[in-house]
Amino acid sequence: MGTRTGSTDLLQQLELREYEATALAFLLSAGRTTAPDISAATDIPKARVYGVLDSLADDGFVKVIPGRPKHYQPKSPEEILARAKENQRQEFEDYCSEIEALRTEFLEEFGPLYEHADEDVSPTAELFHVVDVGDPSETETRQLYQVADESVYVITNSFAYFDGVEPAVSGALEDGLDVSVLFLDPRNLPAEKAATQADIVESLSKTYPAIDYRFSEEVLPWRGTFVDPSMDYDSGKAIFLVEETDVPNHRRQAAITENGSFVAGMKRYFDLIWEYESLEERRL
């Protein structure tokens, strides 16, 4: 009994190597069996198959039954998924511990160098830096939710990237932060984006009722996320991009600023639209 390529590809999404995914796919379809049988059925070399199976056992995806010969039995698909998540969580926690162990030495080594190099940077040069739109901008957006102390403000057309930042949004709400979202009125959106917005709004209302949202009646000149604005101009951070309807996202960049005055200006703009040019309900 062979293994289907699709099954192997699916298992490789759990960070398994090709031989590991091939062996596990075969076990899931064949049940309990031996290493020689797995090797014969999958073309995994005999010299490699035991190491492959030991790796799967160490990851908690298969059981090893002692005997002559040993038998290998797969865990259930639910157990495999749960163990894959636990393995990644543990790997991340181990990595965080390693980073923390480096903290003192790292800061002592590089802190003075950075501060010295930064002395000659002008305030204008510090106003913005940019990242590509896509995974880099979503990473920066998630970071904003994580570093915010009090409030998060979002200006968006449809919030189509919500899935990519949802864990960070959930964490911010659990920490008691205020989250407000200013959508574009769906009448100003193409049908496909309006449908996406409807799904997102429904999800927010059901899953995250603490989030406040309204709908701007006019097209928004820019969109993005900013946190912790202060009218004393001494705090806040933002990521945003200006509206360029003819430029696809993969060719765009988002600006990031920690300038307190600029973030305060964003908050004043947000408040004006929220108070005077937005609706509580979607209108089609």
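In this structure, is Tyr145 modelled with pLDDT of 95 or more, within 26 Å of the chain's Cα centre (by Cα), closer than 28 Å to Ala264 by Cβ and assigned to a helix (DSSP H, G or I)? Quick ask: steps written out before the conclusion?
On the way: modelled with pLDDT of 95 or more: yes; within 26 Å of the chain's Cα centre (by Cα): yes; closer than 28 Å to Ala264 by Cβ: yes; assigned to a helix (DSSP H, G or I): yes.
Considered against the rule, which asks whether it is modelled with pLDDT of 95 or more, within 26 Å of the chain's Cα centre (by Cα), closer than 28 Å to Ala264 by Cβ and assigned to a helix (DSSP H, G or I), Tyr145 comes out as yes.
Could you figure out which of (1) closer than 30 Å to Leu241 by Cβ; (2) outside any helix (DSSP H, G or I) isn't true of Tyr114?
Condition not satisfied by Tyr114: (2).
Among the residues of segment 124-140 satisfying the criterion of being closer than 17 Å to Phe240 by Cβ and among the small types (Gly, Ala, Ser), which is surrounded by the most Cβ atoms within 10 Å (Cβ to Cβ)?
Here the answer is Ser137.
Residues of segment 207-234 being in a strand (DSSP E or B) and under 22 Å from Gly176 (Cβ atoms), which ones?
Residues satisfying the conditions are Asp212, Tyr213, Arg214, Thr225, Phe226, Val227.
Can you confirm whether segment 251-266 contains a residue that is aromatic (Phe, Trp, Tyr) and more than 17 Å from Phe162 (Cβ to Cβ)? Show your work before the answer.
Just the residues of segment 251-266 that are aromatic (Phe, Trp, Tyr), to begin with: 262.
The next check asks that each one be more than 17 Å from Phe162 (Cβ to Cβ); those that pass are 262.
The answer is yes; a qualifying residue exists.
If you check every pair at least six apart or on different chains, which have Cβ atoms under 6 Å apart with a residue in segment 141-169 that is open to solvent by less than 60 Å² (accessible area, probe 1.4 Å) first and a residue that is among the charged types (D, E, K, R) and part of a helix (DSSP H, G or I) second?
Between residues of segment 141-169 that are open to solvent by less than 60 Å² (accessible area, probe 1.4 Å) and residues that are among the charged types (D, E, K, R) and part of a helix (DSSP H, G or I), the close pairs are Ser158/Lys193; Gly164/Glu138; Val165/Arg142; Ala168/Arg142.
Return the residue satisfying two criteria in turn: it lies in segment 198-221 and is free of Cβ contacts under 8 Å to residues at least 60 places away in the same chain and closer than 10 Å to Ser278 by Cβ, and of such residues it is least open to solvent (accessible area, probe 1.4 Å).
In this case the residue turns out to be Tyr213.
Just one of the numbered conditions (1) in a helix (DSSP H, G or I); (2) open to solvent by 80 Å² or more (accessible area, probe 1.4 Å); (3) within 17 Å of Phe262 (Cβ to Cβ) is not true of Glu192; which one?
All conditions pass for Glu192, except number (3).
Could you tell me whether Thr42 is β-branched (Val, Ile, Thr) and either at pLDDT 95 or above or in contact with a Gly (Cβ under 9 Å, 6 or more places away or on another chain) (or both)?
yes
What pairs can you find where one residue is in segment 170-183 and open to solvent by 30 Å² or more (accessible area, probe 1.4 Å), the other is assigned to a strand (DSSP E or B) and β-branched (Val, Ile, Thr), and their Cβ atoms are less than 9 Å apart, with a gap of 6+ or different chains?
Close Cβ pairs satisfying both conditions: Leu173/Val179; Asp178/Val152.
If the requirement is being among the acidic types (Asp, Glu) and over 28 Å from Asp228 (Cβ atoms), which of these qualifies: Asp54, Asp132?
Asp54
The values are calculated or read from the model by the stated rules, or taken from the named source; none is laboratory data. Since the model is a prediction, treat every value here as computed from it, not as a measurement. In this analysis, Cβ positions are derived from the backbone assuming ideal geometry, glycine residues included, and neighbour counts consider all displayed protein chains. The area values use the complete protein model at the heavy-atom level, side chains included, leaving out ligands, DNA and RNA. Shrake-Rupley method; radii C 1.70, N 1.55, O 1.52, S 1.80 Å.
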